[in-house]
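So the structure is just underneath, and the comments pick up after that.
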Amino acid sequence: MEENKTFAMPRIGDKAPEFKAVTTQGNINFPSDYKGSWVILFSHPADFTPVCTSEFMTFASMEKQFNEANCKLVGLSVDGLYSHIAWLRTIKEKIEYKGMKNVEVNFPLIEDITMEVANKYGMMQPGESSTKAVRAVFFIDPNGIVRTILYYPLSLGRNFDEIYRALIGLQTADEFSVALPADWRPGDDVIVPTAGSCGVAKQRMESKEEMTCYDWFFCTKKLDKETVLKAVLKK
Ligand code: BEZ
């Protein structure tokens, strides 16, 4: 009888599980090789599949933008190294899609035939597929802590503008000790920490400071785009 194994997955705030892996850019020791950088560790279901190809081309085309925000990309699927190499060569040599062509994937793509890493990160979700990883995205901060997790099914490609927005949002929240409202983008108003005492709540509502309070618990202030980008993009 086949054992139905369940695997824990890391949660927001956990230390990113450690692993050693073979990748298309050599061996890596994760997350220690990435100390001091943000990392986006993401899985895809399989090489030589259309949705994954569109995603890889998009991510590779945006890699410089992510690197400028002190973020490295690391991909994974449960395919082998030679399949990865052949697929990435095909993408570069043959695929032209939405104006992207000659796209070289320079970030590491992990081979994970044993599913060891995929299982550590909860990327195998048997209800969706027992042989392919789902489309998971882990945002890991420079101290190796998981800060955001996104999961998509096999049939739906990810939104890479949202992945970039989330990265800049996480960095902005850290840098300026603020929270960010729905659909926030750099240049939009940010949320100041909720008043933690009656005194501060009263002060907020009566304050003539550059703050907009919708009520005592919901106050925003301006944070211009230039200030945000200067803080989060590599100087
Ligand atoms: C794709 O990337 O196109 C794909 C991968 C696995 C299942 C379905 C679609």
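Residue-level analysis places residue 174 outside the set of residues that are away from the ligand (no atom under 16 Å from the Cβ) and within 30 Å of residue 126 (Cα to Cα). Checked against the criterion of being in contact with a Phe, Trp or Tyr (Cβ under 8 Å, 6 or more places away or on another chain) and at pLDDT 95 or above, the candidates 43, 32 yield just one match: 43.
Contact map, segment 60-79: first residue assigned by TED's automatic domain parsing to the domain that holds residue 126 and within 25 Å of residue 122 (Cβ to Cβ), second residue part of a loop (DSSP other than H, G, I, E, B) and charged (D, E, K, R), Cβ cut-off under 6 Å, separation 6 or more or different chains; pairs are 76/112; 78/112; 79/47.
Listed by position, the strands (runs of 3 or more DSSP E) enclosed by segment 143-233 that each have at least 2 residues that are surrounded by 16 or more Cβ atoms within 10 Å (Cβ to Cβ) and modelled with pLDDT of 95 or more are 146-152. Residue 129 passes every criterion in (1) away from the ligand (no atom under 16 Å from the Cβ); (2) more than 20 Å from residue 223 (Cβ to Cβ); (3) assigned to a loop (DSSP other than H, G, I, E, B) apart from (1).
Consider segment 24-79 and keep the residues that are over 14 Å from the mean Cα position of the chain (by Cα) and of a type in the set (Asp, Glu). The one that is nearest to residue 228 (Cα to Cα) is 68.
Looking at segment 128-136, can you tell me whether even one residue there is closer than 30 Å to residue 188 by Cα and either out of contact with any Leu (no Cβ under 6 Å at 6 or more places or on another chain) or touching a residue at least 40 places away in the same chain (Cβ under 8 Å) (or both)? Even if it seems obvious, please write down each step before you answer.
Here is the first cut: in segment 128-136, the residues closer than 30 Å to residue 188 by Cα are 135-136.
Now drop any that are not either out of contact with any Leu (no Cβ under 6 Å at 6 or more places or on another chain) or touching a residue at least 40 places away in the same chain (Cβ under 8 Å) (or both), which leaves 135-136.
For segment 128-136, residues closer than 30 Å to residue 188 by Cα and either out of contact with any Leu (no Cβ under 6 Å at 6 or more places or on another chain) or touching a residue at least 40 places away in the same chain (Cβ under 8 Å) (or both): present.
Would you mind stating whether residue 233 is more than 16 Å from the ligand (Cβ to nearest atom), closer than 27 Å to residue 37 by Cβ and in contact with a strand residue (DSSP E or B) (Cβ under 6 Å, 6 or more places away or on another chain)? Explain how you work it out, then say what you get.
Numbers: more than 16 Å from the ligand (Cβ to nearest atom): yes; closer than 27 Å to residue 37 by Cβ: yes; in contact with a strand residue (DSSP E or B) (Cβ under 6 Å, 6 or more places away or on another chain): no.
Taking the combined requirement at face value, the residue does not satisfy it.
The condition of being under 18 Å from residue 63 (Cα atoms), of a type in the set (Lys, Arg) and away from the ligand (no atom under 16 Å from the Cβ) holds for only one of 120, 101, that being 101.
Residues are listed down the side, and each one gets a yes or a no for (1) more than 16 Å from the ligand (Cβ to nearest atom); (2) closer than 25 Å to residue 102 by Cα; (3) in contact with a helix residue (DSSP H, G or I) (Cβ under 9 Å, 6 or more places away or on another chain):
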| residue | (1), (2), (3) |
| --- | --- |
| 10 | yes, no, yes |
| 23 | yes, yes, yes |
| 28 | yes, no, yes |
| 43 | no, yes, yes |
| 63 | yes, yes, no |
| 80 | yes, yes, no |
| 85 | yes, yes, no |
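The values are calculated or read from the model by the stated rules, or taken from the named source; none is laboratory data. Keep in mind that what you see is a predicted model, and the values were worked out from it rather than measured. Quick reminder, even Gly has a Cβ in these numbers, built from the backbone with ideal geometry, and neighbours come from all protein chains shown.
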